[in-house]
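The values are calculated or read from the model by the stated rules, or taken from the named source; none is laboratory data. All values derive from a computational prediction rather than experimental measurement. Positions of Cβ are generated from backbone atoms using ideal geometry, with glycine treated the same way; all protein chains shown enter the neighbour counts. Areas reflect the complete protein model, heavy atoms only, side chains present, ligands, DNA and RNA absent. Shrake-Rupley method; radii C 1.70, N 1.55, O 1.52, S 1.80 Å.
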Amino acid sequence: MSAFRLLVQRDLRLALRQGGDAAMVVGFFVLATILFPFGVGPEPELLARIAAGILWVTALLAALLSLERLFQADWEDGSLEALSLMPLPLEAQVLAKCLAHWLVTGLPLSATAPLLALLLQLDAAGYKVLVASLLLGTPTLSLIGAVGAALSLGARRGGVLLSLLMLPLYIPVLIFGVGAIEASIGGFGVGPHLLLLGALLAGALPLAPLAAAAALRQALE
Amino acid sequence: MSEAIARFLAMGGYAAYVWPAYGLTLCVLGGLLWWSLASYRRSRRTLERLQGGREP
Amino acid sequence: MNLHRFANPARFMRLSSALLPWCGAGAAALIGIGLYLALFIAPPDYQQGEAVRIMFVHVPAAWMASLVYALMALASAIALIWRHPLADIAALSAAPLGAGFTLLCLVTGSLWGERMWGTWWVWDARLTSVLVLFFLYLGYLALVNAFDEPGRGARAGAILALVGIVNLPIIKFSVDWWNTLHQPASVFRLGGPTIDASMLWPLAIMVLGFMLFFATLLLVRMRTTLIEAKIRVLLLSEIERHAAASPRQAVAS
């Protein structure tokens with residue numbers, strides 16, 4: 001377990017030293033969200049109506065943005081090879097990397113979202129669920145994304161390819177994330193949506209590291 | 001006779017939906033068939049040329 | 001039975017060349033008969049009128065879209081676990097065919113939907129999950145072709161194919177789990193099909209015809225890939241022969 005913690009700490013340190021991945025992701029999130037009032041017009045009713053969708057879609061794209069680098073730096077400088085020789089199984093290492101990735105993307109995104117929701121006139125009833133759904137949904141995005149990042153290692157145009165592979169798989173998370181917020185604004189129960197988001201996370205937690213580790217092994221062959 | 005054909009082609013007023021569906025089916029299946037067979041023939045010709053070129 | 005007996009490419013070439021004419025003739029005959037039954041013999045639906053004839057191409061395409069993906073995932077699993085050389089080739093050869101069937105399913109469904117529901121597209125669970133299937137096929141093809149070393153692309157694609165299989169149960173059960181416009185299953189269901197025999201027969205023949213069509217093209221495409229591999233080996237040996245011959249030329253001159 002201490003090896004796991006060390007790995008998370010190492011990734012966090014690297015992310016912070018490289019000039020703030022988190023700041024970049026949040027910056028993209030804020031700017032992309034701000035584009036929408038210019039694109040669809042500043043009417044408060046319209047913005048309030050689509051706020052949940054805008055926030056979730058831009059958060060999803062922001063999380064996708066930093067995924068390409070998840071394994072790439074380690075792969076290029078050969079430390080991935082060294083890590084694969086560690087006694088800690090590769091699956092656990094992937095999990096550690098996902099946790100680090102979530103801490104510098106998903107967590108700050110969830111923290112910024114209420115502020116942007118204010119700008120988009122989101123209904124007051126939706127704030128708590130917005131944060132809850134992002135906190136439950138973004139770890140799944142990091143986990144599924146890790147599979148894509150591992151698969152596209154060394155590919156031509158890896159970044160574009162990664163989005164092409166991952167966006168279809170992100171759709172369920174998006175549907176239930178937005179669904180929870182809409183349900184809370186509409187006065188319905190949010191339990192089922194959040195439970196489904198939790199179920200997606202519970203499914204991705206064991207399966208995604210398995211697949212990503214398999215992809216990393218074949219990339220190292 | 002021609003009236004029967006016209007009635008068949010009209011598809012009970014749904015001609016604009018039924019015929020494109022069937023036409024597209026033939027296009028997609030035919031396209032896959034043509035593409036697969038063309039690359040098959042091309043690779044076979046290349047192989048024959050290579051093997052023919054090697055034998056004295 | 002020893003599976004690796006069939007792994008031998010030479011044996012596959014012999015077996016497939018014996019099978020190909022039968023598959024091809026069967027596919028042509030069944031699709032021909034199926035089209036005749038679907039267009040001339042099957043009765044118009046009491047609700048949908050003649051528009052129901054779209055079903056005879058839409059439903060087989062939809063089943064093939066899922067079936068081909070399941071086969072592709074199975075072949076990928078075999079390729080990953082047993083390193084079976086033909087399994088990789090089978091998965092690679094099946095993907096464009098599956099993408100074609102999925103596209104067909106989406107477009108014919110759209111035509112049917114415009115007539116029956118009054119809209120080309122609705123964002124319901126069944127339609128969305130089939131659209132995701134289409135993107136999975138495209139993503140698989142993009143990934144497989146994104147590497148300079150072909151073996152690497154095939155292995156990465158195999159893992160992606162296995163990850164994407166979570167989509168198949170969603171497609172199958174989407175009409176039961178969510179209230180959607182798309183009608184629920186009427187052929188494979190507990191308590192027997194709800195579809196009339198006069199429509200079931202043409203449908204069954206069309207489905208068989210599509211399956212044989214797929215089998216034919218799969219064999220053709222696999223043969224093509226094997227021949228191309230042989231061509232690469234021949235070209236390489238030719239280059240080596242030239243390389244071995246040129247030093248002697250240099251000495252002679």
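Only one of A:Leu143, A:Leu195, A:Leu216 is within 17 Å of the chain's Cα centre (by Cα) and at pLDDT 85 or above. Can you tell me which?
On the way: A:Leu195 fails: within 17 Å of the chain's Cα centre (by Cα); A:Leu216 fails: within 17 Å of the chain's Cα centre (by Cα).
Within the list A:Leu143, A:Leu195, A:Leu216, the selection yields A:Leu143.
Looking only at residues that are part of a helix (DSSP H, G or I) and of a type in the set (Val, Ile, Thr) in segment A:151-198, which one is farthest from the other protein chains (Cβ to nearest Cβ)?
Only one residue tops the list, namely A:Ile185.
Among the residues of segment C:58-71, is there at least one that is away from every other protein chain (no Cβ under 13 Å), free of Cβ contacts under 8 Å to residues at least 60 places away in the same chain and open to solvent by 10 Å² or more (accessible area, probe 1.4 Å)?
yes
Restricting attention to segment C:20-43, report how many residues are surrounded by 14 or more Cβ atoms within 10 Å (Cβ to Cβ) and not in a helix (DSSP H, G or I).
1
Scan segment A:203-220 and report the pairs whose first residue is under 12 Å from C:Arg155 (Cβ atoms) and whose second residue is β-branched (Val, Ile, Thr), with Cβ atoms within less than 8 Å and a gap of 6+ or a chain change.
A:Ala214/C:Ile159; A:Ala215/A:Val147; A:Ala215/C:Ile159; A:Leu216/A:Val94; A:Gln218/C:Ile159
Taking the condition within 23 Å of B:Leu29 (Cα to Cα), modelled with pLDDT of 85 or more and either basic (Lys, Arg) or open to solvent by less than 30 Å² (accessible area, probe 1.4 Å) (or both), does C:Leu111 pass?
Values: within 23 Å of B:Leu29 (Cα to Cα): yes; modelled with pLDDT of 85 or more: no; either basic (Lys, Arg) or open to solvent by less than 30 Å² (accessible area, probe 1.4 Å) (or both): yes.
Here the answer is no, as C:Leu111 does not meet what is asked.
Of (1) surrounded by fewer than 19 Cβ atoms within 10 Å (Cβ to Cβ); (2) farther than 23 Å from C:Gly34 by Cα, C:Arg126 satisfies all except one. Which?
(1)
Give me the pairs: first residue in segment A:105-117 and assigned to a loop (DSSP other than H, G, I, E, B), second residue open to solvent by 10 Å² or more (accessible area, probe 1.4 Å) and hydroxyl-bearing (Ser, Thr, Tyr), beta-carbon distance under 8 Å, and six or more apart or on different chains, which are they?
Here the result reads A:Thr105/A:Ser66, each pair linking segment A:105-117 to a residue that is open to solvent by 10 Å² or more (accessible area, probe 1.4 Å) and hydroxyl-bearing (Ser, Thr, Tyr).
Answer with yes or no whether A:Ala146 is over 27 Å from C:Asp124 (Cβ atoms), touching a Pro at 6+ places or on another chain (Cβ under 8 Å) and within 14 Å of chain C (Cβ to nearest Cβ). Before you say what the answer is, go through the steps one by one.
Numbers: over 27 Å from C:Asp124 (Cβ atoms): yes; touching a Pro at 6+ places or on another chain (Cβ under 8 Å): yes; within 14 Å of chain C (Cβ to nearest Cβ): yes.
Taking the combined requirement at face value, the residue satisfies it.
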